[in-house]
Amino acid sequence: MDSLATAQRDLAQYLTQAEAVILPRRLSEKAELAPLAPEIKLRVGVDLGTTYMVLVVTDESGAPLAGEWQFAEVARDGLVVDFVGAVDLLRGMKQRVEQRIGRALTHAASGYPAGVPSVEVRATAHVVEAAGMECSGLIDEPSAANNVLMLREGAVVDVGGGTTGIAVLEDNDVIYVADEPTGGTHFTLVIAGSLGISFEEAEALKTTPDEQPRLLPLVRPVMEKVASITERHIRGRGVNHITMVGGSSAFLGMADVVQNYIGVPTQVVSHPVFVTPLGLALHDPPQ
Ligand SMILES: Nc1ncnc2c1ncn2[C@@H]1O[C@H](COP(=O)(O)OP(=O)(O)OP(=O)(O)O)[C@@H](O)[C@H]1O
Ligand SMILES: [Mg+2]
């Protein structure tokens, strides 16, 4: 097996492991953990996404140990719009994880959409600190995603709930980042409008894989919008491969639509939703 195939298989395994510790919603569904030994150093990532708030804990090597996720509309385009709600949710998630691993979470790294003014970015750090953790650092989200993907070249496109974030890599370095509105919320709004159903019903339909083939024609224009945003930002930057992450990249056919629109080979990683939160944890120095 060539090294690229090995790397992809390892990445798929890594992301499957992350989902296994983060995804089950009820405590009873989560794998029981023996209390972690105090000498195990932890990394913690907090993603205050537009739609999902995620807290993930890894060991020093980045192996996922525990996590929590929750539907939360506390941030918009990098702005914390519900500070008190965000702190409450995060504190609850932190406590549940602490119970499960038998360790206090004292620090965390967090992120912000690329290009958000630094004053607004601080609000994210304040949420982490008000929830009882020292904010060890902040990093833009597509760069965080690349902590996991470790791409040397090409572009990372993170299609979340509210926005599409883009990072262009060259020789291992992030040379350009951008972030624009258009994400999963827009997919849901289009489905709700087309079918005459509520936002909640449309969200449930959209995230049911069996429903996606019939919904694809409805959301294709939104996917093309994601593609046109991406194309505009990568144009002239020598990108010859696009890697997609973020919850909305999981929609059936996303890679094909983007690839056909832009004409650059495009791939969605398997299990794309927790790539950025994991990358935030990798930004947190182990303690
Ligand atoms: N299987 C799926 N198919 C399609 N969409 C999905 C799926 N799973 C999750 N989503 C969508 O992904 C979005 C959440 O993704 P993610 O957690 O990456 O966003 P976020 O970080 O909260 O938002 P942002 O990055 O824009 O701030 C939601 O709109 C959700 O409906
Ligand atoms: Mg996100």
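The values are calculated or read from the model by the stated rules, or taken from the named source; none is laboratory data. Note that the coordinates shown come from a computational prediction; the quantities given were computed from them, not determined experimentally. FYI the Cβ positions are ideal-geometry reconstructions off the backbone, even for glycines, and counts take in every protein chain you see.
Observations, loosely collected:
- Scanning segment 93-122 for residues that are closer than 27 Å to residue 35 by Cα and under 20 Å from the mean Cα position of the chain (by Cα) yields 93, 94, 97, 107, 108, 109, 110.
- Every residue from segment 234-254 that is more than 17 Å from residue 265 (Cβ to Cβ) and either over 21 Å from the mean Cα position of the chain (by Cα) or in contact (Cβ under 8 Å) with a residue 60 or more places away in the chain (or both): 236, 246, 247, 248, 251
- Residue ID - farthest from the chain's Cα centre (by Cα), chosen from residues in segment 33-50 that are at pLDDT below 90 and within 16 Å of ligand 1 (Cβ to nearest atom): 50
- Positions within segment 99-117 being in contact with a strand residue (DSSP E or B) (Cβ under 9 Å, 6 or more places away or on another chain) and farther than 19 Å from residue 278 by Cβ, in sequence order: 106, 115, 116
- When residue 158 is tested against (1) at pLDDT 95 or above; (2) closer than 22 Å to residue 83 by Cβ; (3) within 14 Å of ligand 1 (Cβ to nearest atom); (4) among the charged types (D, E, K, R), only condition (2) is not met.
- Odd one out for residue 66, checked against (1) buried (at least 19 other Cβ atoms within 10 Å of the Cβ); (2) more than 20 Å from residue 16 (Cβ to Cβ); (3) touching a helix residue (DSSP H, G or I) at 6+ places or on another chain (Cβ under 8 Å): (2)
- Of the criteria (1) in a strand (DSSP E or B); (2) under 16 Å from the mean Cα position of the chain (by Cα); (3) surrounded by fewer than 24 Cβ atoms within 10 Å (Cβ to Cβ), which one residue 168 fails: (2)
- Total residues in segment 123-165, condition more than 11 Å from the chain's Cα centre (by Cα), assigned to a loop (DSSP other than H, G, I, E, B) and not assigned by TED's automatic domain parsing to the domain that holds residue 88: 5
- Filtered residue count, segment 205-244, keeping only those that are within 17 Å of residue 169 (Cα to Cα), surrounded by fewer than 16 Cβ atoms within 10 Å (Cβ to Cβ) and of a type in the set (Val, Ile, Thr): 0
- Where helices (runs of 4 or more DSSP H) fall wholly inside segment 182-287, the ranges with 1 or more residues that are more than 30 Å from residue 57 (Cβ to Cβ) are 184-195, 199-206, 212-234, 254-262.
- Here residue 179 fulfils each of the conditions (1) within 16 Å of ligand 2 (Cβ to nearest atom); (2) of a type in the set (Asp, Glu); (3) more than 20 Å from residue 269 (Cα to Cα) apart from (3).
- Qualifying residue in segment 10-27 (condition: over 30 Å from residue 203 (Cα atoms), at pLDDT 90 or above and within 17 Å of the chain's Cα centre (by Cα)): no
- Of the candidates 120, 68, the single residue that is in contact with a Lys or Arg (Cβ under 8 Å, 6 or more places away or on another chain) and either within 16 Å of ligand 2 (Cβ to nearest atom) or among the aromatic types (Phe, Trp, Tyr) (or both) is 68.
- Residue that is touching a residue at least 60 places away in the same chain (Cβ under 8 Å) and not hydrophobic (A, V, I, L, M, F, W, C), where the choices are 62, 85, 92: 62
- Flag if residue 100 is away from ligand 1 (no atom under 16 Å from the Cβ), modelled with pLDDT of 95 or more, surrounded by fewer than 24 Cβ atoms within 10 Å (Cβ to Cβ) and in a helix (DSSP H, G or I): no
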